[in-house]
Amino acid sequence: MKASAKRLYGTLISFLLMVFAFYTFSTLVIPAYQNVQDLKAQRSSLTTTVEDQRASVQRVKALLRDYKSIEGLASTLSLLLPSERELASIVNQVQGAAFSNLVSLRSINIKPVSSFTSAAENNSSISQPVSTLRLALELTAGYENFKGYIDALETNARLMDVSSIKITSEKVEPYDYSIEVDTYYQPQL
């Protein structure tokens, strides 16, 4: 065989091998590469879905924790702002604070003052009206004991606001005090 024929056959075989390699690349590698890209996209999508699900589970757990704390908050609010007048409880709390601060409680007068109904009149509001009871208290105590008594009323479990204080005696301690205290309740509608 002549050298030129060998070169021609070699070039022809090389060309056929190149065509076969290109054919193999286009029929096997490119579809496999597309399959890999599709799998990567699916994995990314599933990872995002899993992260979203984990976040949802965390939000549900947080809501459950909040709900449990809301139950505790509801019981605390029912002590702070009861649904009825509970006059016996008010008298008990006022007398207990007086006893613990060495204050002589001479008289208690309780009267209803008002009901804040502006929120109840507005049908778009979800709040309920709050009613006020005014306590007129007459007591005798030294200044430091009286100060402790006022502090005990204001930090009491039930919401109480001291609205006025009058010293009705001009003598030396113990002084006679006349105070007005507002306490609140939220009647059920």
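Each value in this text was obtained by applying a stated rule to the coordinates, not by laboratory testing. Since this is a predicted model, take the numbers as computed values, not measurements. Note that each Cβ is placed from the backbone with ideal geometry, even for glycine, and that neighbours are counted across all protein chains shown.
General observations
- For the stretch 52-109, applying the loop criterion from DSSP together with a ceiling of 12 other beta carbons within 10 Å to the GluC sites (Glu not before Pro) yields 84.
- Note on the stretch 87-185: with charges restricted to the Cβ of Lys and Arg (+1) and Asp and Glu (-1), its dipole about the Cα centre is near 220 debye.
- For the stretch 132-189, convex hull volume per residue from C-alpha positions, Å³: 64 Å³
- Each principal axis of the Cα cloud of the stretch 87-185 was taken in turn, and the coordinate range along them, longest first, works out to 55, 24, 20 Å.
- Partner lysines for residue 171 [C-alpha distance under 19 Å; skip if fewer than 8 residues away on the same chain]: 147
- Descending principal axes extents, the chain, alpha-carbon based, whole Å: 142, 41, 22
- Here the Gaussian network model covers the chain, with springs between Cα atoms less than 10 Å apart; of 32, 157, 141, 32 fluctuates the most.
- Listed residue (76, 87, 26) projecting farthest to the positive dipole end of the chain, Cβ model: 26
- Residues of type aspartates and glutamates that residue 111 reaches as a straight line, Cα spacing below 18 Å, ignoring anything fewer than 8 places off in the same chain: 84, 86, 138, 161, 180, 182
- When +1 charges are put on Lys and Arg Cβ atoms and -1 charges on Asp and Glu Cβ atoms, the dipole computed for the chain relative to its Cα centre reaches about 2100 debye.
- Considering only alpha-carbon pairs that sit under 8 angstrom and 6 or more positions apart, the relative contact order computed for the stretch 148-189 is 34 percent.
- Percent of Cα-Cα distances greater than 18 Å, calculated over the stretch 35-116: 71 percent
- With R₀ set to 41 Å, the beta-carbon distance separating residue 110 from residue 173 gives a calculated FRET efficiency near 0.90.
- Stokes-Einstein D for the stretch 1-79, Kirkwood Rh over Cα pairs, 10 °C, 1.306 mPa s (µm²/s): 84 µm²/s
- Of the residues 135, 77, 63, the one that moves most in a GNM of the chain with alpha-carbon contacts below 10 Å is 63.
- Excluding exposed DSSP-loop trypsin sites (Lys or Arg not before Pro) (at most 10 other C-beta within 10 Å), longest clean stretch of the chain: 3-170
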